[in-house]
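Everything on this sheet refers to the single structure shown next.
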Amino acid sequence: MLPTRAARPNIANANANEPEAIRNLKKKALYKLLNDRFLLPEENSKGVNRQYLVGVYTGALYRIDLMEYKRFEIELTPAQLKKTPFLNTADAYVKLSRLLEELGLSPLGFDIGAFPEDTWLYKVIRFVDRNNATGVYLERVNAPLPQNIANSPSSVMMRAKRNAEHFLINGIMQVKSVYPALKTLWDCHKKEISRRREVEQLTRELDASRQRLEADRAALNAALSRASMVVFSAGTGQQIDELLDDDNANAEHHRLQLMDITAM
């Protein structure tokens with residue numbers, strides 16, 4: 001007789017730890033509900049799973065009111081949307097996560113190697129980082145800043161960096177050969193940081209893939225052992241326990257046969 005498949009639990013039971021209002025909603029319906037209210041990544045983006053959507057619904061994860069964002073976005077100038085050259089998205093994500101923590105805001109909720117598409121991420125950065133503390137954009141947003149943003153560690157550090165640059169090179173920038181040399185240096189530095197972040201990201205992904213490969217190999221070996229025993233038992237007409245029992249005169253012979261089969 002073929003084994004019967006276990007009945008699937010209904011949605012409510014499967015999501016019993018979620019708020020009652022969304023417990024019966026499938027992921028697609030939950031996404032649509034939230035997408036009408038908040039600025040969300042694309043539905044099929046990396047990391048946009050049910051756990052993330054529930055976190056957005058409850059407020060455990062950072063969220064931006066959609067209408068508030070649209071009012072903010074419409075006032076932005078093209079210059080305020082221009083990003084720093086040679087940006088690395090993983091680096092930008094880390095900087096945004098750090099800024100959210102400094103401001104006491106909820107986290108984004110994604111692993112470093114599993115955040116959504118760039119477009120959504122940079123919109124969130126522009127909305128949160130109006131003072132350009134992350135250095136992702138070339139210009140800050142010309143609007144009054146709340147004290148917690150203006151005085152965040154990242155903002156203070158960025159101001160100190162700019163003040164130091166101004167102090168060190170004030171006046172000398174007028175020398176014709178200085179600006180191109182410094183610009184080349186800055187661009188090379190940004191490229192190096194971007195490439196380093198890219199390598200770090202690829203290394204994380206490689207490590208994760210290796211772990212999954214080891215798990216798959218372990219599962220394969222376990223399945224091979226089980227299948228070998230089942231087939232061997234079916235071929236001999238005896239239960240595997242009986243074949244390998246120490247009281248069985250051929251037990252050692254059977255063990256060696258099983259080892260040979262498993263090693264194939």
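Read-outs: derived from the displayed coordinates by stated rules, not from any lab. Predicted, not measured: the structure shown is a model, and the values here were computed from it. Every residue, glycine among them, receives a Cβ derived from its backbone with ideal geometry; neighbour counts consider all protein chains shown.
Shape of segment 6-125 from the C-alpha gyration tensor: prolate (a/c of 1.5 or more and a/b above b/c, with a ≥ b ≥ c the square roots of its eigenvalues). Using the average count of surrounding beta-carbon atoms within 10 Å as a protection proxy, the listed peptides 54-63, 77-86 rank, highest first, as 54-63, 77-86.
With 28 Å as the limit, the listed pairs Lys28/Lys83; Lys26/Lys95; Lys27/Lys82; Lys83/Lys176; Lys32/Lys83; Lys95/Lys183 have Lys28/Lys83; Lys26/Lys95; Lys27/Lys82; Lys32/Lys83 beyond it between alpha carbons.
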